[in-house]
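Please read the structure below before turning to the comments.
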Ligand code: CP
Ligand code: NVA
């Protein structure tokens, strides 16, 4: 049966760790200049209904490095933007391609696409989650800290797609997770319900200093996500103070790393000083999108 990556909730801890191990192996092959065309002749269709820099370039480069080919489809120049049903797009692409990556708004659209597709579907971000980003994040934390289990991961900001995926990925990898967010912007109830399976491992609080206390990794994301541009002014007021800055760093573990999925807004969710002091970690994280997604494509699309 074909496998998809629709959300981290669907994966076991073992499956997540297998992706991370495979990502490390593929990264090592690339660093040593060893060709690895494990998906030679295969094609990945890449549907983008939202903007992207990292996701598009890392998937397209990644499938190329694996010996295959990526096709970029935007809603502006395909029939997807002219209301062709996702059920039909799924069945058509399944006749041509070997995998589909999709970035869109509703998680339901991705789930429907996967239901009708006979080839693997990979979620490249929805309003609900961003699983590929968090796989790269976990790979980066493990690289820098040597382990995941027992570490404290703190996310500060909107209880959005990133917060949702970090909670699920972090808990499944044995991390403690804390979320510092306003009460009206807590993570998705489905994710909070899932966290009940991990008693005492998740803290959600509006107090960012409490959330950041002794954290080994601090994480943040934009205050207004794609699709929320109309709320940007209001959100700037709501989230003022939900920022990774020197004060937050002072209560975290002294060797705490800082991560950001990017794009970043310096002076909003993170100060320029903290961003630049941790730029090596943040750009390692961006690089690992390539390796983590190659691992996902390899594991889902290989014969
Ligand atoms: N972090 C991330 O997904 O970046 P893009 O929006 O540029 O793809
Ligand atoms: N929360 C952000 C993540 C971007 C990678 C968004 O959805 O726009």
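The values are calculated or read from the model by the stated rules, or taken from the named source; none is laboratory data. What you see is a predicted model; the values in this text were computed from it and never measured. Cβ atoms come from the backbone with ideal geometry, glycine included; neighbour counts cover every protein chain shown.
A few notes on this one:
- Filtered by the rule that a residue be crowded, with 21+ Cβ neighbours inside 10 Å and in contact with a helix residue (DSSP H, G or I) (Cβ under 6 Å, 6 or more places away or on another chain), the range 104-119 gives 113, 117, 119.
- The range 188-208 - residue that is without any contact (Cβ under 8 Å) to a residue 40 or more places away in the chain and surrounded by fewer than 16 Cβ atoms within 10 Å (Cβ to Cβ) and, of those, farthest from residue 169 (Cα to Cα): 207
- Residue selected from the range 254-270 under the condition surrounded by fewer than 18 Cβ atoms within 10 Å (Cβ to Cβ) and away from ligand 1 (no atom under 15 Å from the Cβ), by the criterion farthest from residue 52 (Cα to Cα): 254
- Of 231, 273, all but one fail to be within 16 Å of ligand 2 (Cβ to nearest atom), surrounded by fewer than 16 Cβ atoms within 10 Å (Cβ to Cβ) and either within 19 Å of the chain's Cα centre (by Cα) or more than 27 Å from residue 64 (Cβ to Cβ) (or both); the exception is 231.
- Selection count, the range 214-228, where residues are more than 27 Å from residue 56 (Cβ to Cβ) and surrounded by fewer than 21 Cβ atoms within 10 Å (Cβ to Cβ): 1
- Complete set of residues in the range 142-169 that are more than 16 Å from ligand 1 (Cβ to nearest atom) and either part of a helix (DSSP H, G or I) or surrounded by 24 or more Cβ atoms within 10 Å (Cβ to Cβ) (or both): 142, 143, 144, 145, 153, 154, 156, 167, 168
- Candidates in the range 48-64 are the residues that are buried (at least 20 other Cβ atoms within 10 Å of the Cβ) and away from ligand 2 (no atom under 16 Å from the Cβ); of these, the one that is nearest to the chain's Cα centre (by Cα) is 62.
- From 163, 240, 212, residue being out of contact with any strand residue (DSSP E or B) (no Cβ under 7 Å at 6 or more places or on another chain) and farther than 17 Å from residue 140 by Cβ: 240
- Condition met for residue 30 (within 16 Å of ligand 2 (Cβ to nearest atom), surrounded by fewer than 22 Cβ atoms within 10 Å (Cβ to Cβ) and at pLDDT 95 or above): no
- Test: residue in the range 280-299 that is free of Cβ contacts under 8 Å to residues at least 60 places away in the same chain, within 16 Å of ligand 1 (Cβ to nearest atom) and either over 22 Å from the mean Cα position of the chain (by Cα) or crowded, with 19+ Cβ neighbours inside 10 Å (or both): yes
- Index of the failed condition, residue 105 passing every other in (1) within 19 Å of residue 301 (Cα to Cα); (2) within 24 Å of the chain's Cα centre (by Cα): (1)
- Among (1) more than 13 Å from ligand 2 (Cβ to nearest atom); (2) buried (at least 17 other Cβ atoms within 10 Å of the Cβ); (3) over 24 Å from residue 107 (Cα atoms), the one test that residue 250 misses: (2)
- Criterion violated by residue 29 - all others in (1) in contact (Cβ under 8 Å) with a residue 24 or more places away in the chain; (2) under 18 Å from residue 292 (Cα atoms) satisfied: (1)
- In the range 208-224, the qualifying residues are those that are within 16 Å of ligand 2 (Cβ to nearest atom) and in contact with a helix residue (DSSP H, G or I) (Cβ under 7 Å, 6 or more places away or on another chain), and the one that is farthest from residue 279 (Cα to Cα) is 224.
- Residue within the range 228-251 that is within 16 Å of ligand 1 (Cβ to nearest atom) and either on the phi < 0 side of the Ramachandran plot or free of Cβ contacts under 8 Å to residues at least 12 places away in the same chain (or both) present: yes
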